[in-house]
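The structure appears right after this line, and notes come after that.
The values are calculated or read from the model by the stated rules, or taken from the named source; none is laboratory data. This is a predicted model, so every value here is computed, not measured. Neighbour counts are summed over all protein chains in view; Cβ atoms, including those assigned to glycine, are modelled from backbone coordinates with ideal geometry.
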Amino acid sequence: MITLALAGKPNCGKSTFFRAATLAPAEIANYPFTTINANFGVAFTRTVCPCKSLNLHCESCHDGVRFVPVNLVDVAGLVPDAHKGRGLGNQFLDNLRQADAILHIVDASGSTDSEGNPVGVGSHDPRKDVVFLEYEMTMWIYGIVEKHWAKLQRQAQSKTYPIYRALAEVLTGLGITPEDVKDAEEKAGIDLVHADADALVKFCREITKISKPMVPVGNKVDQAPGEIIAALKTEGFLFASAAGELALRNAAQAKLIRYLPGDPTFSLVDERALSPPQKAGLSTIADVMKKYGGTGVQQVIDHTIRTVLDLIVVFPVEDEHKFSDSKGRVLPDAFLMKKGSTPRDLAFMVHTDIGKGFLYAVDARTKMRVKDSHELQDRDIIRIVSTAK
């Protein structure tokens with residue numbers, strides 16, 4: 001399953017974002033290093049379920065809205081020189097190894113300094129936090145590469161073991177492939193075989209961007225001064241009010257409002273059931289949603305899955321006529337797959353044995369066979385025919 005990591009300095013709202021996205025418990029407090037051990041939970045990316053257009057009843061969606069699970073990890077806060085072990089740096093960086101992408105949660109209100117200590121609103125420039133995280137990630141990977149560099153260079157001189165392959169093996173725990181190494185070398189404009197320390201840092205900066213793409217998220221947007229918001233927009237930030245989203249999800253669970261994660265607004269179930277403070281809080285959240293098209297939490301996850309990681313949703317079925325599995329459940333499963341994936345790739349994702357026994361695939365909508373090299377499209381419904389059962 002896809003894994004997203006929440007990263008950032010202490011006290012920027014990571015744990016609130018985590019709770020809002022997963023409704024899993026995580027300690028929240030207004031001081032640095034509230035999160036010491038990583039929190040793990042399940043969030044979801046939102047898509048349109050095909051059941052509506054097919055006029056089918058589906059028990060796996062919410063009125064035509066399908067939520068596909070992704071792993072979410074909230075790691076310990078990061079402070080300057082974390083790559084040297086300062087603060088909880090080594091623990092933080094180790095928890096990022098298996099992440100497919102990093103949501104960099106930044107305090108858009110500017111009310112926490114570089115180490116997460118509370119300061120006046122607007123006192124700290126959030127843009128500095130982005131440079132800081134990129135640097136720490138780069139130097140962390142550089143430390144790994146530098147430790148093995150002498151041996152890697154000796155291997156490269158033998159000409160029987162290409163350096164990009166050897167380097168990929170050193171970095172395999174980060175999900176880095178030989179192709180990633182080649183791409184990073186080219187983008188850094190260096191020759192790895194003859195690279196000095198400065199060239200290696202350039203390489204590590206590029207391999208970080210390739211293997212751990214970062215999405216900057218301006219959290220606490222409801223408290224952020226207008227000039228900071230304007231500046232962050234020019235830097236490509238997404239915006240969120242994690243506290244607002246958490247309040248909405250709790251209110252929806254309590255059946256006080258009608259709301260699905262990612263909705264641009266919400267509606268009250270019974271206004272008389274709300275206290276004056278609850279009404280005031282919901283009114284404030286509604287203003288933020290009107291301005292930003294939602295609280296931003298679900299939107300950030302969806303953007304990362306769909307645009308940054310370039311994933312599509314595919315629905316495997318066993319009966320292409322009923323769009324169901326063998327038990328008659330309509331569209332019971334949904335898989336996130338890389339754009340450009342084939343039916344054979346889907347077969348392996350369903351089960352290794354099904355992939356090994358792959359014979360052919362059927363497009364459930366058209367009832368036509370598709371080639372095993374056919375490029376799957378978003379929200380395709382596919383039946384896999386395999387020798388495996």
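Data table
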{"quantity": "Candidate set from region 244-265 (those that are surrounded by fewer than 20 Cβ atoms within 10 Å (Cβ to Cβ) and hydrophobic (A, V, I, L, M, F, W, C)); member that is nearest to residue 16 (Cα to Cα)", "calculated": "247"}
{"quantity": "Residue within region 310-323 that is touching a Lys or Arg at 6+ places or on another chain (Cβ under 8 Å), closer than 25 Å to residue 102 by Cα and of a type in the set (D, E, K, R) present", "calculated": "yes"}
{"quantity": "Only one of 297, 201, 288, 221 that is β-branched (Val, Ile, Thr), at negative phi and in contact with a strand residue (DSSP E or B) (Cβ under 8 Å, 6 or more places away or on another chain)", "calculated": "221"}
{"quantity": "Qualifying residue in region 211-223 (condition: in contact with a Ser or Thr (Cβ under 8 Å, 6 or more places away or on another chain), among the basic types (Lys, Arg) and assigned to a helix (DSSP H, G or I))", "calculated": "no"}
{"quantity": "Qualifying residue in region 229-243 (condition: touching a Gly at 6+ places or on another chain (Cβ under 8 Å), assigned to a helix (DSSP H, G or I) and surrounded by fewer than 19 Cβ atoms within 10 Å (Cβ to Cβ))", "calculated": "yes"}
{"quantity": "Inter-residue pairs, beta-carbon under 8 Å, first more than 20 Å from residue 229 (Cβ to Cβ) and in region 270-290, second of a type in the set (Asp, Glu), 6+ apart", "calculated": "279/271"}
{"quantity": "Criterion (among the β-branched types (Val, Ile, Thr), modelled with pLDDT of 90 or more and within 26 Å of residue 95 (Cα to Cα)) met by exactly one of 221, 170, 145, 217", "calculated": "217"}
{"quantity": "Checking residue 360 against (1) buried (at least 17 other Cβ atoms within 10 Å of the Cβ); (2) not in a loop (DSSP other than H, G, I, E, B), the condition it does not meet", "calculated": "(1)"}
{"quantity": "Selection count where residues are within 13 Å of residue 146 (Cα to Cα), modelled with pLDDT of 90 or more and not hydrophobic (A, V, I, L, M, F, W, C), scope region 180-201", "calculated": "1"}
{"quantity": "Number of positions in region 118-140 that are part of a helix (DSSP H, G or I), of a type in the set (Val, Ile, Thr) and in contact (Cβ under 8 Å) with a residue 60 or more places away in the chain", "calculated": "2"}
{"quantity": "Which listed residue is more than 24 Å from residue 99 (Cβ to Cβ) and buried (at least 17 other Cβ atoms within 10 Å of the Cβ), from 366, 304, 342, 284", "calculated": "342"}
{"quantity": "Residue pairs meeting the criteria (Cβ under 6 Å; at least 6 apart or on separate chains; first closer than 17 Å to residue 108 by Cβ and touching a residue at least 24 places away in the same chain (Cβ under 8 Å), in region 230-253; second among the acidic types (Asp, Glu) and part of a helix (DSSP H, G or I))", "calculated": "241/222"}
{"quantity": "Some residue of region 36-59 being among the aliphatic types (A, V, I, L, M), within 24 Å of residue 296 (Cα to Cα) and at pLDDT below 85", "calculated": "yes"}
{"quantity": "Some residue of region 105-119 being over 20 Å from residue 9 (Cβ atoms) and surrounded by fewer than 17 Cβ atoms within 10 Å (Cβ to Cβ)", "calculated": "no"}
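For every residue, the table says whether it meets (1) part of a helix (DSSP H, G or I); (2) surrounded by fewer than 21 Cβ atoms within 10 Å (Cβ to Cβ).
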position	(1), (2)
295	no, no
315	no, no
322	no, yes
348	yes, yes
374	no, yes
